Amino acid sequence: MREALKLPNKTHVDAPVGHRNKLVKEVDRSLTVPQNESIDCTHVEIASHFDLLDFNNASKLTGNKFVFMKNEAAMLELALSNWVLNKVARKGFEAITTPDLARQQVVEACGFQPRDASSQIYHLEGSNDCLIGTAEIPLAGMYANEIVDRSALTHKMVAYSHCFRAEAGKGQHSHGLYRLHQFSKVEMLGLTEGHTDDSEALLSEMVAI
């Protein structure tokens, strides 16, 4: 098992092989950043003006990189999550909310190494549980140690979850809502029959959504 954890995840056949950004290919650009020189403040300053975020009081509870979302920001986060969940569910994905904990062996089976500092996973001391870093973990864990009947494939899921990431060595100098240690996310995941046309079709469907 220890040796198996050293194996990297497989990359897509279309992923370029290269060093850093030398062979990066832009696939799509759907937004253009408006150029408005009259706006000269950060998102944190805007949020402070409208009383939307509270980092100071959150840090008293948990330390840095956590936040209270307040007023319209709290309503907006829930509204956006609900909007996305509904949008994807209408495409035939099963809507799910997940537990925030997963056993260490499930986390490892999903390609994470929770005992390794670089994994960014929070481990609960004195237990075999980890805080999930993505809904992918509990969604995949739903089918741990099961054989899924081929007739049930492709099984498409969309999940809302809280996500916890230690961001060790990565985000301590980032400002505001970047590299938070806790955030909410909606994620799509599907079960297909390995590397087949069904798998490619599902990926294309997710990208299109």
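For the stretch 180-194, does any single residue satisfy the condition of being out of contact with any Ser or Thr (no Cβ under 7 Å at 6 or more places or on another chain), at pLDDT below 90, in a strand (DSSP E or B) and surrounded by fewer than 19 Cβ atoms within 10 Å (Cβ to Cβ)? No, every residue in the stretch 180-194 fails to be out of contact with any Ser or Thr (no Cβ under 7 Å at 6 or more places or on another chain), at pLDDT below 90, in a strand (DSSP E or B) and surrounded by fewer than 19 Cβ atoms within 10 Å (Cβ to Cβ). Among residues of the stretch 1-25 that are more than 22 Å from Leu203 (Cβ to Cβ), those with a beta-carbon under 8 Å from a residue that is in a loop (DSSP other than H, G, I, E, B) and at pLDDT below 75 at least six positions away or on a different chain give the pairs Leu5/Gln113.
Here is a check on your reading of the model: is Ala73 small (Gly, Ala, Ser), modelled with pLDDT of 95 or more, touching a helix residue (DSSP H, G or I) at 6+ places or on another chain (Cβ under 8 Å) and not in a strand (DSSP E or B)? Judged against the criteria, Ala73 is a match.
Of the residues Val84, Val106, which single one is outside any loop (DSSP other than H, G, I, E, B) and touching a helix residue (DSSP H, G or I) at 6+ places or on another chain (Cβ under 7 Å)?
From the options Val84, Val106, the qualifying one is Val106.
Restricting the first member to the stretch 135-153 and to residues that are part of a helix (DSSP H, G or I) and surrounded by 10 or more Cβ atoms within 10 Å (Cβ to Cβ), and the second to residues that are at pLDDT below 90 and aliphatic (A, V, I, L, M), the beta-carbon pairs closer than 6 Å and six or more apart or on different chains are Ile137/Val107. Against the numbered list (1) aromatic (Phe, Trp, Tyr); (2) under 18 Å from Cys163 (Cα atoms); (3) touching an Asp or Glu at 6+ places or on another chain (Cβ under 9 Å), Phe50 comes up short only at (2). Considering only residues in the stretch 48-76 that are touching a strand residue (DSSP E or B) at 6+ places or on another chain (Cβ under 7 Å) and touching a residue at least 40 places away in the same chain (Cβ under 8 Å), the one that is surrounded by the most Cβ atoms within 10 Å (Cβ to Cβ) turns out to be Val67.
The values are calculated or read from the model by the stated rules, or taken from the named source; none is laboratory data. A quick note: this is a predicted structure, and the numbers were derived from the prediction, not measured. As a convention, Cβ positions derive from the backbone with ideal geometry for all residues, glycine included, and neighbour counts pool all protein chains shown.
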